[in-house]
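The values are calculated or read from the model by the stated rules, or taken from the named source; none is laboratory data. This one's a predicted model, so the numbers in the text were calculated from it and none came from an experiment. A quick note on method: Cβ atoms are made from the backbone with ideal geometry, for glycine too, and the neighbour counts reach across all protein chains shown.
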Amino acid sequence: MSILGVTLVLLILGVIGTLVIIANKMGSHLKENVEVKVILRGDLNPKDSVALMQYIAAKPYVRSVDYVNKDRARKIYLGDGNEDWNKVLDYNPLPNAIYFKVKKDYLNTDTLNSIKANLEQQTFVDEVTYQQALVSKLTNNIRKASAIFLGIALILALVAIVLIDNTIKLAMFSNRFLIKTMQMVGATRWFIARPMNIRAIINGSISGGIAALVVWLILVLAEGIVPEIKAVHDNGALALLFFGLILLGICITLFSTHRSVIKYLRMKLDDLY
């Protein structure tokens, strides 16, 4: 019953931890898909275009870079559902441009404004544009969501510790006479506590392992129902979460068990009733 109780508490904590990981990964995914457009002046020769591409690609804030000529720009324009201008214009009014995506650590309004000012000083650059409103809103929403999830995770972690501690106390309560009897026949404190501490480590490992396995199965089931979740799957963070669940189960179970044993060893026999 103690294993079951600890497992249920760790399972709730694991689900919340998984949601925090998914939310954080989703925020990073959204950040890294914000595109900056460098509009070029006129028709550059290939040599100048390559030089400018290399200059931008070498910047530490660039995650990926792509050159979009007039023809590709027209295809993108029409792909967005816009009407063709062939009936009105006999030339392509769209400029050549370089599109690049910024690394998530650089995605804030101040940094992007600095990047914009720097690139607009280049000879062949006419204008640098990005969705300022989107970046500002995205940054604020991610910051708020992270704070909320972190607060919930901390509260649940404290609740989990208290619940696990109480669960172990109840489990140890049934062994209080056994502990006292061993003490009365001359067993040392370490001799009495050692097997129970070992059992606590085993029980904590089992509880954490079961909780981690169930969380993993829930995540796999969720990905089967909503395939988009796979795009924000983070195996490294999940491995740390599962290791943390097992470690938390061991530490709290061991601490509570050892404290209960010492408590009953210090109590008088009459107080056990």
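Here are the numbers for the structure shown:
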read-out: Some residue of the range 46-60 being over 14 Å from Val125 (Cβ atoms) and surrounded by 15 or more Cβ atoms within 10 Å (Cβ to Cβ); value: no
read-out: Inter-residue pairs, beta-carbon under 6 Å, first assigned by TED's automatic domain parsing to the domain that holds Asp43 and in the range 79-93, second at pLDDT 70 or above, 6+ apart; value: Asn92/Lys70; Asn92/Arg74
read-out: Residues satisfying the stated conditions in the range 171-201, i.e. under 38 Å from the mean Cα position of the chain (by Cα) and touching a residue at least 12 places away in the same chain (Cβ under 8 Å); value: Ala171, Met172, Met196, Asn197, Arg199, Ala200, Ile201
read-out: Filter result (in contact with an Asp or Glu (Cβ under 6 Å, 6 or more places away or on another chain) and more than 30 Å from Thr139 (Cα to Cα)) within the range 33-77; value: Arg41
read-out: Wholly within the range 1-99, helices (runs of 4 or more DSSP H) carrying at least 2 residues that are modelled with pLDDT of 85 or more and in contact with a helix residue (DSSP H, G or I) (Cβ under 7 Å, 6 or more places away or on another chain); value: 2-31
read-out: Search result, residues across the range 221-249 that are surrounded by 13 or more Cβ atoms within 10 Å (Cβ to Cβ) and more than 30 Å from Ile198 (Cβ to Cβ); value: Ala222, Glu223, Ile229, Val232, His233, Asp234, Ala237
